[in-house]
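Take a look at the structure set out below.
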Amino acid sequence: MSTSIERGDKMNIKLKIALLKKQVKQQELAKKLKISESLVSYYINGHKEVPEDIKGRIAQILQMKKVDLF
């Protein structure tokens, strides 16, 4: 039996907080990344691992360092 952490079900709190502080909605982020809103939600809620290239693009969009988001 896998635990939620093994499945990746761990909310990305740093990213969620950064989006709130920068006042960027998930919808806006999805549009800028050219991915679906549901995929952004999966990343934020920890249901899917964020690929390294997407991490870099998110950091660039939010004008933050990748290490501060993930």
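Contact map, segment 23-46: residues that are in contact (Cβ under 8 Å) with a residue 60 or more places away in the chain paired with residues that are small (Gly, Ala, Ser), Cβ distance under 8 Å, separation 6+ or inter-chain. No pairs are found. Do any residues in segment 1-20 that are closer than 19 Å to Leu33 by Cα have Cβ atoms under 8 Å from those of residues that are modelled with pLDDT of 85 or more and open to solvent by 100 Å² or more (accessible area, probe 1.4 Å), where the two are at least six apart or on different chains, and which pairs are they? Taking only residues 6 or more apart or on different chains, the pairs are Leu19/Lys25. Among the residues of segment 57-70, those that are open to solvent by 50 Å² or more (accessible area, probe 1.4 Å) and part of a loop (DSSP other than H, G, I, E, B) comprise Gln63, Met64, Lys65, Phe70. Annotation: of all residues in segment 17-31 being part of a helix (DSSP H, G or I) and surrounded by 15 or more Cβ atoms within 10 Å (Cβ to Cβ), the one that is farthest from the chain's Cα centre (by Cα) is Glu28. Would you confirm whether any residue within segment 5-15 is modelled with pLDDT of 95 or more, open to solvent by 80 Å² or more (accessible area, probe 1.4 Å) and more than 10 Å from the chain's Cα centre (by Cα)? Taking every residue of segment 5-15 in turn, none turns out to be modelled with pLDDT of 95 or more, open to solvent by 80 Å² or more (accessible area, probe 1.4 Å) and more than 10 Å from the chain's Cα centre (by Cα).
Among the listed residues Ile54, Ile35, identify the single one that is in a loop (DSSP other than H, G, I, E, B) and modelled with pLDDT of 95 or more.
Testing whether each residue is in a loop (DSSP other than H, G, I, E, B) and modelled with pLDDT of 95 or more leaves just Ile35.
The values are calculated or read from the model by the stated rules, or taken from the named source; none is laboratory data. Just so it is clear, the model here is predicted, and its values are computed rather than measured. Ideal geometry is used to build each Cβ from the backbone, glycine not excepted, and the neighbour counts take in all protein chains shown. With ligands, DNA and RNA removed, areas are computed over all heavy atoms of the protein, side chains included. Shrake-Rupley method; radii C 1.70, N 1.55, O 1.52, S 1.80 Å.
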